[in-house]
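Following: one structure in structure tokens, then a few remarks.
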Amino acid sequence: MRGYRSAVSNPETAVSTEVDSDQEIIGRVLAGDRDAFALLIGRYSDPLYRHALGMTGSPDVAEDILQTSFIKAYHHLGEVRGRFDAWLFRIVANGCKDWLKNIRRTHLSYDEDDQPSNYTTPDEDLDRTELRQDLDRALAELAPSLREAFVMKHVEGRSYEEMADLLGTTVGALKMRVHRAREALQALLEEKYA
């Protein structure tokens, strides 16, 4: 997918300016300019990839979900009502939730640590890796709606207003989900670290 994301954002593939609105680009795609869809991919792939990575914990799974979501969006582009970014976000979010449901059913592990370490000693690196794995396991135990709210707020740094707009719910409901997610994570991690 990394190659897919960079290949479609090639300026030679689709020539346009950043001032094109999503609706203008969608109109061009629906009128037969297939290459214009690359502009939408380039515009939204990075934040959506970060969301999928935060939800799944796996770069490969995040890339698969993103690619599948863009394909689905392309095939249903004529159905967009309202903001394209919110519509596309819901497709990716639903893909993540579906993956989480399936992973729980099959009990697969997705422990990965692709992040480079800033620690200098092997013991510190081991502690960091173990803490990250414990946090990933605790996040995996959360209900998808709680995990999604927690990731959007604390990993992606989104405001409650932005989250409510993207998810089509209220700020109050999201504050409650984030609060419940924090409480659940704290309880799960206290079992080991208390």
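The values are calculated or read from the model by the stated rules, or taken from the named source; none is laboratory data. Since the model is a prediction, treat every value here as computed from it, not as a measurement. Here the Cβ positions follow ideal geometry from the backbone for every residue, glycine too, while neighbour counts run over all protein chains shown.
Tally time: how many residues in region 48-72 are under 14 Å from residue 152 (Cα atoms) and of a type in the set (A, V, I, L, M, F, W, C)?
4
Tell me, please, whether a residue that is over 27 Å from residue 137 (Cβ atoms), aliphatic (A, V, I, L, M) and part of a helix (DSSP H, G or I) can be found in region 42-63.
no
For (1) more than 11 Å from the chain's Cα centre (by Cα); (2) surrounded by 15 or more Cβ atoms within 10 Å (Cβ to Cβ), each residue gets a yes or a no:
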| site | (1), (2) |
| --- | --- |
| 28 | yes, yes |
| 41 | yes, yes |
| 46 | no, no |
| 63 | no, yes |
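Of all residues in region 149-161, count the ones that are closer than 20 Å to residue 83 by Cα, crowded, with 17+ Cβ neighbours inside 10 Å and of a type in the set (D, E, K, R).
Residues in region 149-161 being closer than 20 Å to residue 83 by Cα, crowded, with 17+ Cβ neighbours inside 10 Å and of a type in the set (D, E, K, R): 1 in total.
Which of the residues spanning region 129-145 are closer than 11 Å to residue 100 by Cβ and not small (Gly, Ala, Ser)?
139, 141, 142, 144
Inspect all residues belonging to region 105-112 and state whether any of them is out of contact with any Lys or Arg (no Cβ under 9 Å at 6 or more places or on another chain), outside any loop (DSSP other than H, G, I, E, B), over 15 Å from residue 41 (Cβ atoms) and modelled with pLDDT under 80.
Within region 105-112, one or more residues are out of contact with any Lys or Arg (no Cβ under 9 Å at 6 or more places or on another chain), outside any loop (DSSP other than H, G, I, E, B), over 15 Å from residue 41 (Cβ atoms) and modelled with pLDDT under 80.
One residue is enough: does region 169-191 have a residue meeting the conditions among the β-branched types (Val, Ile, Thr), modelled with pLDDT of 90 or more, surrounded by 15 or more Cβ atoms within 10 Å (Cβ to Cβ) and out of contact with any Gly (no Cβ under 9 Å at 6 or more places or on another chain)?
Within region 169-191 (the criterion being among the β-branched types (Val, Ile, Thr), modelled with pLDDT of 90 or more, surrounded by 15 or more Cβ atoms within 10 Å (Cβ to Cβ) and out of contact with any Gly (no Cβ under 9 Å at 6 or more places or on another chain)), the answer is yes, since at least one residue qualifies.
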